[in-house]
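Comments concern the structure below.
The values are calculated or read from the model by the stated rules, or taken from the named source; none is laboratory data. Remember, it's a predicted structure, so these values are computed and weren't measured experimentally. Cβ: placed from backbone, ideal geometry, glycine included. Neighbour counts: every protein chain shown.
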Amino acid sequence: MAEDPRELARRLAEEAKAKLESQGEDPRDLARRLAEEAKQKLQTTPAPSLDDAPTGPKLTAKQALEREREARKQRKVAEAQAQTAATSLPPRTPTIDEVPRTRVEATQSSETTSPGGAGAVARILSTAIPGATVVFSAPVQAAVARAVWQSHRARAQAEHDAQLATTASVILDALRDVPAGQLVAVRATVAGKDWAFWVDVSTERLLATAFPAEVYLAGV
C-alpha cells in the first residue's frame, strides 16, 4: 500500500533529527538534501486508489432485509399517492365534435345534405328563381297526383288554357319518368305571393310551376 504523504513527512523529519544528532552535517545542507529526497519520493509515490480507502461497516443480512422492506413500503406509498392524484383530477370536458348530436340536429343535417332534402330543394329553386323562399316541400304521391293532374289537363284543354295544359303534361310525364320519391312538390313565396313548384331532385331541375299554390297543391 502507498505511504500516506503526512506519514512520509513525519518520518523524514524524524530521520533528519536523528542524522543531525549522529552526524556533524551542516543543518542547512541536511535540510536542503532531505527536502530534495522528500520531493522525489512524493513524485514517485502513487496516489492512493479507491481500493485503498477504508470501507464502512458491512450491513448484516437482517439490516439489509429491513432496508429492502422500507424501500418497498416507500414505493407502495408513492404509487398510492400517484393513483389518488390521478383519480382526483376533474373529468375532461368533451369537445364539440365529441358531443352526440340530438335527433333534431341529425334530422336537419340529413335534410341539408340528402339529395331529396329540404336544403337541396331550396338550393335548386333559388338557382332557378332567385329570391324564392320555400314554405314547405313534400314528395309527390304518384297515384293521387296522376288522377288530379289528368283532371287539370282535361279542364285546361277544354278551356284552351295553354299554360295550364302544358304544366299538367309536364307533371304527368314526370310522374311516369322520375324515380319514386324524387319528384317534389314545393310551396314557395315569390314577390309576396305563394306559388306551386315541382322539382326533380334526381336531376336537380325545376320542372313546372303554377299559381296559386293553394289550388294546385291541395291535398299535398
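Numbers for the structure displayed
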{"read-out": "Counted residues, region 194-206 - those being within 14 Å of Ala132 (Cβ to Cβ) and either without any contact (Cβ under 8 Å) to a residue 24 or more places away in the chain or buried (at least 19 other Cβ atoms within 10 Å of the Cβ) (or both)", "value": "5"}
{"read-out": "Filter result for Ala174 (within 11 Å of Leu125 (Cα to Cα), of a type outside the set (Ser, Thr, Tyr) and crowded, with 18+ Cβ neighbours inside 10 Å)", "value": "no"}
{"read-out": "Filter result (touching a residue at least 60 places away in the same chain (Cβ under 8 Å) and either farther than 14 Å from Val135 by Cα or exposed (fewer than 14 other Cβ atoms within 10 Å of the Cβ) (or both)) within region 177-188", "value": "Gly181, Gln182"}
{"read-out": "Candidates Val170, Val144, filtered to the one that is modelled with pLDDT under 95, at negative phi and part of a helix (DSSP H, G or I)", "value": "Val144"}
{"read-out": "Enumeration of residues in region 135-188 that are among the basic types (Lys, Arg) and under 53 Å from the mean Cα position of the chain (by Cα)", "value": "Arg176, Arg187"}
{"read-out": "Residue identified as buried (at least 16 other Cβ atoms within 10 Å of the Cβ) and β-branched (Val, Ile, Thr) among Thr127, Thr209", "value": "Thr209"}
{"read-out": "Condition check for Ala191: in contact (Cβ under 8 Å) with a residue 60 or more places away in the chain and either more than 44 Å from the chain's Cα centre (by Cα) or surrounded by fewer than 13 Cβ atoms within 10 Å (Cβ to Cβ) (or both)", "value": "yes"}
